[in-house]
């Protein structure tokens, strides 16, 4: 039971890092970016190529995946996404879905359709047995990294000058410009950071989740569930939602494998019945 709980927490932490970039773009920037999974896939493939073809250490692949995907996100935000900030949400959905299928076709052409594998460093392989609880070394590594990221992200959004500028730009861009805030730069950096987090999540999840060209489609619904259940007005909601859904998914697939894949959807429906606007949304607290 405790082993399942531990694995569920690790899976939930990974879901949070993968989805928190979508929380930023959807909740803070009010842009429906369904291509978020494509950025995560890019981080995974960058890691695969660097490790398998060039022998780069897994530990170096993580920051490289973050920076490269953040740079890709910055370029796309300045050239494409910024043109659609004021567009109807349907246009944003159609645009981002188009990017998903373009990324799938590109990856399938250049990398092939087979599942990609990476070999973790020896110190991250295997398990420890602590009082009868199996603790996977790599899953513990994911928990530590993701927990530090969650704390740092929350502090950055609530305690820093940039976080205040971002909230001001989202609440009223015209007033923010009048106060001297460079709104386009704030949005560009925020989008790039969210994309980089997706790339980091893809790099971390390549070994656990698997990696193939259909990755953005397979996990798009998971990202949306985390954001929907957690709400979009804070980082705390998606973090707790990812933990809840990760534990429910792992436990469901272990105890009731026949219907385990549907447990996460049942949890989503139950939470949204009780909290229609998510766990920590402003609307849900009125």
Please verify whether region 87-99 includes one or more residues that are modelled with pLDDT of 90 or more, under 18 Å from the mean Cα position of the chain (by Cα) and surrounded by 18 or more Cβ atoms within 10 Å (Cβ to Cβ). yes
Inspect all residues belonging to region 105-122 and state whether any of them is more than 25 Å from residue 215 (Cα to Cα), buried (at least 16 other Cβ atoms within 10 Å of the Cβ) and either touching a helix residue (DSSP H, G or I) at 6+ places or on another chain (Cβ under 8 Å) or touching a residue at least 60 places away in the same chain (Cβ under 8 Å) (or both). no
Do we have any residue at all in region 236-246 that's out of contact with any strand residue (DSSP E or B) (no Cβ under 7 Å at 6 or more places or on another chain), touching a residue at least 24 places away in the same chain (Cβ under 8 Å), farther than 18 Å from residue 31 by Cα and not in a helix (DSSP H, G or I)? no
Conditions (1) assigned to a helix (DSSP H, G or I); (2) more than 23 Å from residue 144 (Cβ to Cβ); (3) within 17 Å of the chain's Cα centre (by Cα): number failed by residue 53: (3)
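Being within 18 Å of the chain's Cα centre (by Cα), at pLDDT 95 or above and at negative phi, is that true of even one residue in region 23-31?
No, the conditions are met nowhere in region 23-31.
Which one of 264, 273 is out of contact with any helix residue (DSSP H, G or I) (no Cβ under 7 Å at 6 or more places or on another chain) and closer than 29 Å to residue 29 by Cβ? Before the answer, list the steps.
Details: 264 fails: out of contact with any helix residue (DSSP H, G or I) (no Cβ under 7 Å at 6 or more places or on another chain).
Every option except 273 fails the conditions.
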Counting only residues that are within 18 Å of the chain's Cα centre (by Cα) and more than 21 Å from residue 117 (Cβ to Cβ), which one in region 56-75 is surrounded by the fewest Cβ atoms within 10 Å (Cβ to Cβ)? 63
Name the residue, out of 211, 224, 204, that is out of contact with any strand residue (DSSP E or B) (no Cβ under 6 Å at 6 or more places or on another chain), at pLDDT 90 or above and either surrounded by fewer than 21 Cβ atoms within 10 Å (Cβ to Cβ) or outside any helix (DSSP H, G or I) (or both). 211
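The values are calculated or read from the model by the stated rules, or taken from the named source; none is laboratory data. As the structure is a computational prediction, the values presented were derived from the model and not from experiment. Using ideal geometry, Cβ is built from the backbone for each residue, glycine included, and neighbour counts are taken over all protein chains shown.
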